[in-house]
């Protein structure tokens, strides 16, 4: 790295911090001040992409030969290093995202990130993600294996936990045995640079191939599309806007390359009148906390509420409107987010939504918009369900008021695929029939169904599904959060038919490689050896 | 059904045999006589597709409410009915495909088909396919669930076992809880009609929704593309030509609808000189049996052999050439297959492959081409690896002769994704170093790696992978054969977060629903109840 020669941050290719091949540079913005930060980052030309792909291809072959323990060691070493570098990471992320240093960045997101890496390490060590399956009679054994170099495009809203060289996709791709080419999110390149430094050091320290982790900051859209379709790529993970994501998807699909997308979601919350009658204030408070948390910039932010018209729903709307007006609006991640939020709100109002509070233009001296609540009728919603499902990413929500439960069901049946869907109902079960009808419509539309709980907490749990039908994601069968299930996305299923024992992967040997790996042997899951 | 009004076969929509909405009809050919069969089949207009989609949508909702046992009952009833209708089915399939009545159709493919349905029924009954996962501490439970109506486009080469209303995709889609709209393969519509009759009766007998199984015979390409992209569709399964499959894929991809494809594969077989020195005749016989079986019309037909130049490989080639010339060529499935085979052979010869035996024009009084063996050098192959991987579907193979093991490795590294790849090596392990190098190149390219065994047997085993990297299929993580893994393709992952116990699916209740369902509870696979 030669900062003497240039103030432009180097890219990480083949284990070296190199000056990028670039013609343009960019800078991030401090959203709390709405001013550009000083550091320049290169917009890489194809030459950088090509070099990274070539190095990743080589690293992929080398990683295939390494024992899983070595990869797990790397993930754990990296987790430790992230914790040791906490202060600098939090400071950089605070400057670039405006997210609170504490508790958000230092005490919530950073520990989540290192723990995610450790959980992935554990899945890698045991191989439990790989679904080792044995048919001893037929002499066939199968498991998931490393797929090849993974490109990761991280989102703006979680600089650590979904970061392209530190987050859930990264942890999953590496734990499945693949090298990663990270494309930093343009709103927090310095944070990503600092993370990549730790990752590169961890790779060195634990003896992993030099190109296990590589970093570019930005490319043109065309080069991004070329990259995800490149023959050397195994798969791509993308979290971000629907527009950019669908362009990458089209390119990857045409080349037959798997791409896992997390695009957008309005995360409908359905509340029965019986639930509101029972605990209106409590639910209103839960909702307000959830929808304004992180200035509403969560993938699972509850942006759409469906209620039945009644005095109690009027009261709910009144309470939420008042609290939205009273609460100080948080800082948004970037000028682009603020602009897009204001524009989405305007779009919804243009369709006929009533602005109950908020809206207007972003603040000028920081990235922020007034907390915004809108309302419409189910009848209006049903006139243009696509338009009314425009995601207003940030501290805004739309309430849809239906005449009755059947109309609520019809509105739900017109929802697009979403990450989550919630139903709040009475604790005494008096509205169980309504709930059954609402659930029958809602469940097929969402990746995670909740009861009496807001969707913003996404636990790193083996039972978590952070996924859902299109256009929330690109495929309804995969989760981006949760170990070991999230690793499967970056695996290739391989069957070994009559393959000689000494040529089988360790996971498929007669002996259980760790003594604690779950394997499906002749129809039974067991940690025992074959034939024992 | 009113055959009095029309001799055109009716379509099966919403449980009724209706006259199709059509403008054109088609007939199948008897490939043993190269003459058209008498029955006419309609090319359905969009009106039929739309009606089928609407009925399937309704059936999907109803199926979601049914206990898994009911669906399993249907699959078993249908399996019994297929066996009872064996004579008529075999006769129809023989007329339409030219495949031998016995053993092929009656004693191999038909029992495989009914057993596949029974295996799927068992997976449905236990729910073992659904990967029920519990995080009791976090209160989250997840499993795969029915995804929605599945369109199935069956191939020409297995009228029963891969048939659109009877085969592996069908069994998997139904067992996962989805209704199926089958599109018959145009080369055996009468066989598919007879199967659908049994399926419809079985659905009636076991009380399944009327539209659980529906059948169209053919649509225009445009309507097919419209169908797989329709918002009412859950997913599509397609087995057939690469060209038609990629068009459907593009349409489905753009709509964000999962599509599982099995397109084409040359199934490379690599033989070391040591293996041939040890058992040349034995391997030659295995190869000839495998490559000419079913007149070479298997997805896993070994169409590409990679050898190292030596006296023994010359001997191998000589033996195979002689036996190819001597063996009577089998009947091909249709005039289109015969024409396409002759044209692919010509294409390979035009690229410079030497025709050792066979080639020429198809026979005129039946669908057949002389058994065809071609040869080229690895150097020539590497000049145009894409061209030389043209699939010659039928009784033909190409032998590639390399100078040495490193050149064999380079040739393998230029292979596209394939369903299978085989390595034959010496039993004494003297060529283990060569095998390691060859395997390192071959394994990432194939879904199933074999040793010392030809790829044509595709066991219905939990450890089978009948899949592979693009363009063998559309995604490297899924198998089309093998229960329960093949069911996952037609499932949607759903997480239940804090959902009240009485609203959970039976699979996710505290009590194990069958006492023998494998569920992953807090990190351990068990058939026990939660908390026991």
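Throughout, read-outs are computed from the coordinates displayed, never taken from laboratory work. Everything numeric in this text was worked out from a predicted model, so none of it was measured. So basically every Cβ, Gly included, is an ideal-geometry build from the backbone, and we count neighbours across all protein chains shown.
Inter-label distance, residue A:404 to residue A:522: 6.0 nm, where each label sits 7 Å from its Cα along the C-beta direction. Seen against the Cα atoms of chain B and their longest principal axis, helix B:335-350 is set at about 40 degrees.
Averaged over peptide B:439-452, the number of partner chain Cβ atoms lying within 10 Å of each residue's Cβ comes to 5. In the assembly of identical copies, residue A:243 has its label point, taken 7 Å from Cα in the direction of the beta carbon, separated from the corresponding points by 3.9 nm (ascending, one decimal).
Shown for residue B:84: label points 7 Å from Cα along the beta-carbon vector, and their distances to the equivalent points in the other copies, 7.3 nm in ascending order.
Estimate the FRET efficiency between residue A:62 and residue A:318 by the formula 1/(1 + (r/R0)^6), using the beta-carbon distance for r and 56 Å for R0, to the nearest 0.05. The calculated FRET efficiency here is 0.35.
Pop the C-beta distance of residue B:437 and residue B:204 into the FRET formula with R0 = 51 Å and round what comes out to the nearest 0.05. The value I calculate is 0.30. Placing a label point 7 Å from the Cα of residue B:277 along the Cα-to-Cβ line, the residues of the stretch B:308-329 whose backbone N sits under 18 Å from it are B:308-317. The angle separating the long axis of helix B:46-65 from the principal Cα axis of greatest extent in chain B is about 60 degrees. Residue by residue along B:172-181, Cβ atoms of other protein chains within 10 Å of the local Cβ number 0 on average. Counting, for every residue in A:248-258, the Cβ atoms of other protein chains within 10 Å of its Cβ and taking the mean gives 4. Using only Cα atoms and rounding to the nearest 10 degrees, what angle (0 to 90) does helix A:311-326 make with the longest principal axis of chain A? It works out to around 70 degrees. Extension gain for residue A:430-residue A:115 works out to 109.3 nm (0.36 nm per residue, less the C-alpha to C-alpha distance).
What would the Debye equation give as log₁₀ I(q)/I(0) for the protein assembly as shown at q = 0.06 Å⁻¹, counting only Cα atoms as equal point scatterers? The Debye formula, applied to the Cα set alone, gives -0.46. Please work out the FRET efficiency for the pair residue A:327 and residue B:328, using the Cβ-Cβ distance as r and a Förster radius of 60 Å; give the result to the nearest 0.05. Between residue A:327 and residue B:328 the formula returns 0.10. In this assembly of identical copies, the label point of residue B:379 (Cα plus 7 Å along Cα-to-Cβ) is separated from its counterparts by 8.2 nm, sorted shortest first. With the helix formula -39500 (n - 2.57) applied to DSSP H stretches of n ≥ 4, the protein assembly as shown reaches a computed 222 nm mean residue ellipticity of -11500 deg cm²/dmol. Among B:307-315, A:412-420, the peptide with the highest mean count of other Cβ atoms within 10 Å heads the list, and the full ranking is A:412-420, B:307-315.
Counting every other Cβ atom within 10 Å of each residue's Cβ, A:293, B:227 order from fewest to most as A:293, B:227. A simple spin-label model places the labels of residue A:309 and residue A:285 3.1 nm from each other, with each point 7 Å out along Cα-to-Cβ. Centroid-to-centroid, using Cα positions, the stretch B:196-248 and the stretch B:126-157 are 20 Å apart.
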